[in-house]
């Protein structure tokens, strides 16, 4: 009974340093996305499973060797975005057949370049006969290139809507703290 009063506790342990990628010898954590899993393809390039969603619920798969990128499960008719289990399966399947060699990691663009990229993406959206809603996840396929947070993207989209009100509108959401973006219809 006396021994239970003097229980030894282990010494506090410092958090381990991030693991280095063996193929490049450095740690890569692009801003604005969370890399969840990495797979190696047959040529030792990395196939990433990552999330740009603030809740980390939806995932994308991208190969850093052959430019393979998949964002949606085309076999589903509803909720086509990948959950982690499905994204991991797709990444593993791609890694087992891809023979691409590793490429250089994408460099983080400066703010002006990132801003131009975002504006180009918005201006490149097809304008229809009616307004349509735009969400941040519509830009997920370019997040490895952009390497910016959701907050930065929101601020830039709001500024772009103020600058180009003929293309995009940004209004506070009725259902929360977010912002609703609308790509405006083509003028007739």
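Observations
- For region 77-139: rounded, prolate or oblate by the Cα gyration tensor [a/c cutoff 1.5]: oblate
- For region 43-112: rounded, prolate or oblate by the Cα gyration tensor [a/c cutoff 1.5]: oblate
- Relative exposure of 179, 97, judged by other C-beta atoms within 10 Å (fewest first): 97, 179
- Rg in Å to one decimal, and Dmax rounded to a whole Å, for region 111-183 via C-alpha atoms: 11.8, 33
- Rounded, prolate or oblate (a/c below 1.5 giving rounded, otherwise prolate when a/b exceeds b/c) for region 43-188 by Cα gyration tensor: prolate
Just so you know, all these numbers are worked out from the coordinates, no wet-lab data involved. Computed from a predicted structure; not experimentally measured. Neighbour counts run over all protein chains shown; Cβ positions are idealised from the backbone, glycine included.
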